[in-house]
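Report on the following structure.
Read the figures in this text as sums done on the coordinates, not as results from a lab. All values reported here derive from a predicted model rather than from experimental measurement. Because the Cβ atoms are built from the backbone with ideal geometry, glycine has one as well, and the counts that use them run over all protein chains shown.
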Amino acid sequence: MKHENFKTCDQSGFCKRNRGYADKATASGSSWTSPYQLDSKTVSVKNGQLTGVIIKTTEDGTGVFRLPLTISFLDSGVARITVDEEKRQKGEIELRHGSPARKERYNGVQDWVIVGGLTVDKDAVKHTSTEDETIVSYGPKKNFQAAIKHAPFSIDFRRDKETQIKFNSRGLFNMEHWRPKVDREQKEGEPAPPEPTEDESTWWEESFGGNTDTKPKGPESVGLDITFPGYEHVYGIPEHAGPLSLKQTRGGASGQYDQPYRLYNSDVFEYEMDTPMTLYGAIPLMQAHRKDSTVGVFWLNAAETWIDIIKTKTSSNPLSLGIGGTTDTQTHWFSESGLLDVFVFLGPTPKDIIQDYSELTGYSQLPQHFALGYHQCRWSYVTDEDVKDVDRKFDKSKIPYDVIWLDIEYTEGKKYFTWDKDNFPDPLGMQKQLDSHGRKLVIIIDPHIKNEGNYPVVDTLKSQNLGINNKENNIFEGWCWPGSSYWIDAFNPSALAWWKSLFAYAKFPGTTPNTFLWNDMNEPSVFNGPETTMPKDNLHFGNWEHRDVHNVNGLTFVNATYEALLARDDPKHQRRPFVLTRSFYAGSQRQGAMWTGDNLASWDHLEASIPMILNQNIAGFSFSGADVGGFFGNPSKELQTRWYQAGAWYPFYRAHAHIDSRRREPYLEASGYVEPIVQALRLRYSLLPAWYTSFYTAHTTGEPVMRPMWYVHPSDEAGFTIDDQFYVGDTGLLVKPVLKEGATSVDIYLPPLTTAPYYDYFTFETYPGNGKTVRLDAPLEGHTPVLMRGGHILARKERPRKSSALMKFDPYTLVIALDNAGRAEGELYVDDGESFEYQKGAFIHRRFRFGSSSSSSSSDKESGGLLLVSEDLNTSPTKQTTAFAKTMKDVRVEKIVIIGAPREWEGRKDVVVVEEGEKERKVAFTWKGAEKGRAGWAVVRDPGVRIGRGWRVEF
Ligand code: NOJ
């Protein structure tokens, strides 16, 4: 990685200024008071909103600036705090250099990000209001309070009377007001101009790497300290390559960072591990966690942002004394421009936060079913024959895969919407072969458009002004893969309409309904731009500067592609788009999948992928993965195998490789390596029903598909820093991939659970949950170690096929892992896997429950025995439900496996009674007692019940 290409905090003017501000405010012995006061006379609380004006007084007392404040108390219990700057709002400022840019602080990011959850809680009530303080009670149970101190302005957010989050308690709130540039040059014959009272060196112009940012609006950053008293751990704010529990960034011990976490979407070539450096995407959501309590903040600002994190011993604030933790986490956020717009979540559970956040920014898309299969990519498959050959070789080696990908070389000279005619003379023929086994094609289309004659796409872009402009408001030209290029401005509604038209099948021959999309380089990556991206003074639609919108730029481009994929289909038969993106922002989870960009074929990159993907998941973006095998370089056989084994547990499972790397399709692996790779792939395919169900949960509740220990066990402090093992949705599967060279075992931590043991998924070996670490064998030729926690039921399919499409009507196996009370529960969600019909009820959603018949609520019979019941979770069936059920009427459960089967079953007549509708049948079952640490188990073969129906099995 080239460090010199990316700024450190010291090289970023506003970062340096805000850190400097913090130093000044917190210097020991300093008599600092924050110069912001909420004018008591302006405060009003009505209809769920508090409004008022914050007055900023400059240090010398000469300047007074008005900053309108709004606090909205939302129905969900989330509070939203917005501060603007009146002068800029009213356009009462002058821009330098005759810039045509907008004068206001950017207020449009919410239009791209927020899709719901903004209804205000009209019953939020003013509790007390004095000259000094206003207290508002809010939240569904009215147990939340915002205590707003007027002078200096600060807010304490309380839950059940205890302070959980504090704004501006350290006095770092900073809104750089507009001011005219004072010419400090002494002119001949004139008196010397006044000396500056502040360091103005980064106010008006900033140069980096040979580029100068002209900053026509002057300094306009916005910063705030947010403290979590009693909270030792903070998570979130992806994307960074570091541990899940975020490190300190100032004044910490060795091993901590000295730079703030940075969010400035960038194309970072060969990125490094364990750093707070920025990467391709940004989600400014942070969760703070301590035993039994989670709270959070979402900083809605699309400009370059940095976050400092400091941990200190708990202060003696009497309001935070009761909360148990001994450490406070102090954070300091600052963005280069835009509004202060922060959402506050008071929990108390991690689930509460992700649900509220997802209601605001949208739920993870429910992907097409194929997208959860395995994706085979490389830069690049060189001809259509090459693609067909790879496809055949997968089949010959009996290796399942769903999607093959084409990188930039398929185009004619990197002109998107064209095919290289020599190498891809027959894209349709190629796709016909893929189609014949239910496979799909993904092609890449990037936001840069080649600047070349006789290319209709660029002609329209230019003639209709659909591109991003430079600071003079002429189309911006820069370098990317095609050489000289322009960039589509996906903020522009006309550009969106145009983009949509380009994907029509007739307009883009060679594409079919099974051609899907990959949007890369959308940070945007500009090879000759500052920090490999766009100049900040470039202009977008509406004359907003690129500075204001940078982090949401990638999202707008994917939005255009997503809309385009919808538009190419007949509205009556629309299918869910699939788009993979490299750059992302809060809300991108609605549009498809992301991956962690250009990693290396090295063990540390394999290791880093797990916390990175976990972090995406807890930030509401479940559909995430990393290049299996590593993008740059050539993995050793062992690394390649371990990566396939670990990658089978990424929500998005794709192998990818750089153009200069050796071919490494799994069938090319040597004997001894190919077998475990195939096993890993088959395991992924067998569990697709469980994965799809987990995605449905993410889609409807926001709960992550891949869950870290602290999320699932919020009371277990020993798990708060663990980020190399995780659960898959609600399946009870706990996975610990092998991430170290030469390792043949892993140590897995099991939280103290009195209610259920863990069973080895493959051998049924039993482990108590006792708060200890257990060593599990993990030879290379075996599997990734996986345990299943008692109390869960999952569905899988056991027949190996070429692709997931061919498994559609295969029978299910139910795996039941019993808890200590002999009970278990789980869900299965099934739909057509491609259309939007599920939104009209075309799905099967079952809950399976195992337990004693007297404890099973749905049981009308009191047999006293043990029962497995299948209940319908679709509470409002429609005619589409019935129609879908018909298509699934012959799909049955072919096997039921019960792990932890009771000893009492020994010697019983080995039959179970199966009831479906009126029919009652006797079916044989096999029972095997516990031995040598392995749980007893039982198998019912072919119970004859159908997956979409209600039934019960009596044991
Ligand atoms: C950069 C992407 O990160 C990588 O995956 C891709 O292969 C190259 N661009 C070429 O398109």
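Please report the net charge: other residues with Cβ closer than 13 Å to the Cβ of Glu765, K and R +1, D and E -1.
Cβ neighbours under 13 Å give a net charge of 0.
Ordered by packing density, taken as the mean number of other Cβ atoms within 10 Å over each peptide's residues, highest first, how do 611-618, 770-777 rank?
Put in order of decreasing packing, that is 611-618, 770-777.
Which loop-located trypsin sites (Lys or Arg not before Pro) does segment 905-945 contain, where loop means any DSSP state but H, G, I, E or B and the Cβ has at most 16 other Cβ atoms within 10 Å?
Of the trypsin sites (Lys or Arg not before Pro), the ones in loops of segment 905-945 whose Cβ has at most 16 other Cβ atoms within 10 Å are Arg908, Lys909, Lys932.
Tell me which of Tyr711, Leu681, Ile114 sits at the most positive position along the dipole axis of the chain, charges placed on C-beta atoms (Lys, Arg +1; Asp, Glu -1).
Leu681
Rounded, prolate or oblate: which fits segment 146-269, taking a ≥ b ≥ c as square roots of the Cα gyration tensor eigenvalues, rounded meaning a/c under 1.5, else prolate when a/b beats b/c? Show your work: numbers first, answer last.
Values: a/c = 2.85, a/b = 1.52, b/c = 1.88.
Cα axes put segment 146-269 in the oblate bin.
Can you compute the helix-only [θ] at 222 nm over the chain? Use -39500 (n - 2.57) per DSSP H run of at least 4 residues, normalise by all residues, nearest 500 deg cm²/dmol.
Only helices count here, giving -5000 deg cm²/dmol.
Going by C-beta contacts inside 10 Å, put Glu85, Glu834, Glu607 in order with the fewest on the left.
Taking fewest neighbouring Cβ atoms as first place, the list is Glu607, Glu834, Glu85.
In the calculated pair distance distribution of segment 681-763, what percentage of Cα-Cα distances lie above 21 Å? Before the final figure, lay out each step's value.
Numbers: 1238 of 3403 pairs.
Above the 21 Å cut-off, segment 681-763 has 36 percent of its Cα pairs.
Taking every pair of distinct Cα atoms and averaging 1/r, then inverting, what Kirkwood hydrodynamic radius in Å comes out for segment 373-463? The partial results should precede the final answer.
Details: mean 1/r = 0.0708 Å⁻¹.
With all distinct Cα pairs of segment 373-463 included, I get 14.1 Å.
So what is the relative contact order for segment 869-955, in percent, with contacts set as C-alpha pairs under 8 Å and at least six apart?
In percent, rounded to a whole number, it is 40.
Using mean Cβ contacts within 10 Å as the protection proxy, how do 425-434, 232-241, 398-407 order, highest first?
Per-residue Cβ counts within 10 Å, averaged per peptide and sorted highest first, yield 232-241, 398-407, 425-434.
Which value results for Rg/Rh of segment 177-336 when Rg is the Cα radius of gyration and Rh the Kirkwood radius based on the inverse mean 1/r?
1.08
Report the Cα-based extents of segment 1-92 along its three principal axes, largest first, to the nearest Å.
That works out to 52, 37, 34 Å along the principal axes.
Before anything else, pin down the relative contact order of segment 149-280: Cα pairs under 8 Å, at least 6 apart, normalised by residue count, whole percent.
Details: 176 pairs, mean separation 26.2, N = 132.
Rounded, it is 20 percent for segment 149-280.
Cross-chain or 8 or more residues apart, Cα under 24 Å: how many lysine pairs in segment 120-202 fit that? Count them up, please.
For segment 120-202, the number of qualifying lysine pairs is 17.
Based on alpha-carbon centroids, what's the gap between segment 239-318 and segment 615-687 in Å, whole number please?
For segment 239-318 versus segment 615-687, the Cα centre distance is 28 Å.
Show me the ranking of peptides 109-120, 797-808 by mean Cβ neighbours inside 10 Å, starting with the highest.
The most tightly packed comes first, giving 797-808, 109-120.
What angle do you read, to the nearest 10 degrees and between 0 and 90, between the alpha-carbon axis of helix 384-396 and the longest principal axis of the chain?
Tilt of helix 384-396: around 40 degrees.
Could you pull out every residue, at least 5 positions away or on a different chain, whose amide H is within less than 5 Å of the one on Asp213? Hs are placed 1.01 Å off N in the peptide plane, and Pro or chain starts have none.
Amide H to amide H, under 5 Å and 5 or more residues apart or across chains, Asp213 pairs with Glu206, Ser207, Phe208.
How far, in degrees from 0 to 90, does helix 13-26 lean away from the longest principal axis of the Cα atoms of the chain, to the nearest 10?
Helix 13-26 sits roughly 80 degrees off the main axis of the chain.
According to the Kirkwood expression over distinct Cα-Cα pairs, how big is the hydrodynamic radius of the chain, in Å?
29.6
Let me understand segment 787-840 better: what is its radius of gyration from the alpha carbons, and its Dmax, in angstrom?
Every Cα atom of segment 787-840 included, Rg and Dmax give 14.4, 41 Å.
Could you grab the relative contact order for the chain? Cα pairs under 8 Å, six or more apart, rounded to a whole percent.
Details: 2420 pairs, mean separation 87.4, N = 955.
Reported relative contact order: 9 percent.
Assuming 0.692 mPa s and 37 °C, estimate D for segment 438-496 with Stokes-Einstein, Rh taken as the Kirkwood radius over Cα pairs, in µm²/s.
Working: Rh = 12.3 Å.
So the translational diffusion coefficient is about 266 µm²/s.
Using only Cα atoms, find the angle between the long axis of helix 546-567 and the longest principal axis of the chain, and express it within 0 to 90 degrees, rounded to the nearest 10.
That works out to roughly 40 degrees.
Going by how many other Cβ atoms sit within 10 Å of their own, how do Thr556, Thr755, Thr227 line up, fewest first?
The order, fewest Cβ neighbours first, is Thr755, Thr556, Thr227.
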